[in-house]
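A short write-up of the structure that comes next.
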Amino acid sequence: MSKTTLMIVCSLFLLPVTSMAESAADNYRTYCMQCHGMQGNGMGANIQDMSVQPRDHTDAKSMGARTDAELFKVIKEGGLAINKSALMPPWDSTFTDNEINDLVKYLRTMCKCKQPG
């Protein structure tokens, strides 16, 4: 196998890892930032018209109290699925389960916290 071929094959294995992180961040910026803010602190452009303050994804205490399964469920099924605000829409028709899992991982990096337990 030539060095060029080896480099191409190796880069193909690295691409999904890079794409996953970039994709989750891109998805967050595209779909979540309007409510949760550019920094993820719950201060998005839409909050002036919202009756409920969006979750601050940088709050380690609050986010650390939620399991990954709960975060997955609220992204997929919306706020009412975990007895939270109906203003959080379900994203199951927008994201695949893998993309939702990537968003959960991305949220953990934002709060610098782990799931409880």
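Read-outs: derived from the displayed coordinates by stated rules, not from any lab. Model, not experiment: these values are computed from the prediction. Quick reminder, even Gly has a Cβ in these numbers, built from the backbone with ideal geometry, and neighbours come from all protein chains shown.
Based only on other Cβ atoms within 10 Å, what is the fewest-to-most ordering of Glu77, Glu22?
Ordered from fewest to most neighbouring Cβ atoms within 10 Å, Glu77, Glu22 come out as Glu22, Glu77.
Quick check: residue separation of Lys84 and Glu70 times 0.36 nm, minus the Cα distance between them. What number comes out in nm?
Gain on stretching Lys84 to Glu70: 3.9 nm.
Here is the link list: Lys61/Lys105; Lys84/Lys112; Lys61/Lys114. Which ones come out longer than 19 Å on Cα distance?
The answer is Lys84/Lys112.
At a 10 Å Cβ-Cβ cut-off, how would you order Thr67, Thr96, fewest neighbours first?
Going from sparsest to densest Cβ surroundings: Thr96, Thr67.
Separation between the Thr96 and Ser51 pseudo-spin-labels, each 7 Å from Cα along Cα→Cβ, expressed in nm?
A separation of 3.8 nm, rounded to one decimal place.
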